[in-house]
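Shown next, in structure tokens, is the structure this report addresses.
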């Protein structure tokens, strides 16, 4: 069978949930006084949306093959990402064989090097790359995880990220990760409130349930060390993304400082094999957490994971729905996965990229079986009721 070529690539934007899961309505736990790098300013402490965490919106990338097959993927990038796809990256995609994913990635990355390397440009490249994997798998009539070498286990097990680890335990998750609410600028009173929250949640979930803390880049080494040391009494499994992502030296120091047995994790906002090489070689983390929609896509995540495996470091991707599920189930050094609790009160399991994706699998009793990941591609469809806008139509 002759392999089809890529005829068109199109970029759309959409608002309200989807891949930009911070783009939520009022009253959602994900926007309720969570510590951030902007918490040093009192006027930006209560809401992350107040400083613009939701300004980009979702980017949807579609690639259409010469035989009519369409692959797609979603990420965070919005109109900026759509411009980059249509005005710059399209030249490296259209006309290529659907199998030419490695060459396309290389050309996208090195052609944007002078203004890219990280951030929204790599988010955008990630979206294109994931759409290409979806397209190739659909052309071949198999799920993406089979292209990656096949499943190494029969099911995925998940921990839940949200405001209510106690409810996550009742739902069958193996652990619960909750957001830190108070940063260094809130002083000793804020530190006490953080520890009281951890103590209260440990009392609710009991001794045997994993309890983790997501600090979202908001701390410094001294504060993070004090917090980790004090929280050790409550059996905190790990402290996540405590420092700004460029502070590799701080992460290495923090990893040396934390109590024995507590893990340091990070990488959600890191990108490409070169960024993760620094984290790994400087021994910054016990677990790295690349987001496949932000780190460079599936093509780059494969390389990142291989590096981590050589350093005996686990890879537990940041919650990115089916795009990470198909990867995690193929890797021994990714023994479990993250699920973001997108219900406003974190009191029920709903699809992570709701309402944008249809057929998106969700954990039942904290697990998803590989039999639920057998549809061609990533196995999801775009919801036709979500209004897509193509701002840079060619």
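In summary, residue 372 fulfils each of the numbered conditions (1) part of a helix (DSSP H, G or I); (2) surrounded by fewer than 21 Cβ atoms within 10 Å (Cβ to Cβ); (3) in contact (Cβ under 8 Å) with a residue 12 or more places away in the chain with the single exception of condition (3). Given the structure, is residue 55 within 24 Å of residue 135 (Cα to Cα) and either modelled with pLDDT of 95 or more or not assigned by TED's automatic domain parsing to the domain that holds residue 186 (or both)? Taking the combined requirement at face value, the residue does not satisfy it. Scanning region 112-132 for residues that are in contact (Cβ under 8 Å) with a residue 24 or more places away in the chain and surrounded by fewer than 24 Cβ atoms within 10 Å (Cβ to Cβ) yields a total of 6.
For region 66-86, the set of residues classified as touching a strand residue (DSSP E or B) at 6+ places or on another chain (Cβ under 6 Å) and under 16 Å from residue 376 (Cβ atoms) consists of 70, 71, 72, 73, listed by residue number. Restricting attention to region 2-30, the residues being touching a helix residue (DSSP H, G or I) at 6+ places or on another chain (Cβ under 8 Å) and more than 24 Å from residue 81 (Cα to Cα) number 2. Among the residues here, residue 16 qualifies as assigned to a loop (DSSP other than H, G, I, E, B), in the same structural domain as residue 108 (by TED's automatic domain parsing) and at pLDDT below 95. Summed over region 53-78, residues that are more than 12 Å from residue 21 (Cβ to Cβ) and part of a strand (DSSP E or B) total 11. For residue 81, state whether it is part of a loop (DSSP other than H, G, I, E, B) and not assigned by TED's automatic domain parsing to the domain that holds residue 360. For residue 81, the condition - part of a loop (DSSP other than H, G, I, E, B) and not assigned by TED's automatic domain parsing to the domain that holds residue 360 - is not met. Residue-level analysis places residue 335 among those that are in contact with a strand residue (DSSP E or B) (Cβ under 8 Å, 6 or more places away or on another chain), surrounded by fewer than 19 Cβ atoms within 10 Å (Cβ to Cβ) and assigned by TED's automatic domain parsing to the domain that holds residue 299.
Results for (1) assigned to a helix (DSSP H, G or I); (2) surrounded by fewer than 24 Cβ atoms within 10 Å (Cβ to Cβ); (3) more than 13 Å from the chain's Cα centre (by Cα), shown as yes or no for each residue.
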| position | (1), (2), (3) |
| --- | --- |
| 277 | yes, yes, yes |
| 294 | no, no, no |
| 299 | yes, yes, yes |
| 320 | no, no, no |
| 351 | no, yes, yes |
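For region 133-151, a residue qualifies if it is surrounded by fewer than 22 Cβ atoms within 10 Å (Cβ to Cβ) and not in a helix (DSSP H, G or I), and the qualifying residues are 141, 142, 148, 149, 150, 151.
Say we look at region 207-224 and pick out the residues that are closer than 18 Å to residue 171 by Cβ and in contact with a helix residue (DSSP H, G or I) (Cβ under 8 Å, 6 or more places away or on another chain); which of these is surrounded by the fewest Cβ atoms within 10 Å (Cβ to Cβ)? Before the answer, list the steps.
Residues of region 207-224 closer than 18 Å to residue 171 by Cβ: 208-212.
Of the ones still in play, those that are also in contact with a helix residue (DSSP H, G or I) (Cβ under 8 Å, 6 or more places away or on another chain) are 209, 211.
Working: 209: 20, 211: 25.
Checked region 207-224; the qualifying residue surrounded by the fewest Cβ atoms within 10 Å (Cβ to Cβ) is 209.
The set of residues from region 97-111 being surrounded by fewer than 18 Cβ atoms within 10 Å (Cβ to Cβ) and without any contact (Cβ under 8 Å) to a residue 40 or more places away in the chain comprises 103, 106, 107, 110, 111. The single condition from (1) crowded, with 20+ Cβ neighbours inside 10 Å; (2) more than 27 Å from residue 299 (Cα to Cα); (3) out of contact with any helix residue (DSSP H, G or I) (no Cβ under 6 Å at 6 or more places or on another chain) that residue 48 fails is (3). Of everything in region 21-45, what is more than 16 Å from residue 344 (Cβ to Cβ) and in a loop (DSSP other than H, G, I, E, B)? Give them in sequence order. Across region 21-45, the qualifying residues are 35, 36, 41, 45.
Residues considered: 227, 263. Of these, the only one that is modelled with pLDDT of 95 or more and touching a helix residue (DSSP H, G or I) at 6+ places or on another chain (Cβ under 7 Å) is 227.
The values are calculated or read from the model by the stated rules, or taken from the named source; none is laboratory data. On a predicted model such as this, the values are computed, not experimentally measured, just so you know. Virtual Cβ from ideal backbone geometry, glycine too; neighbours counted across all protein chains shown.
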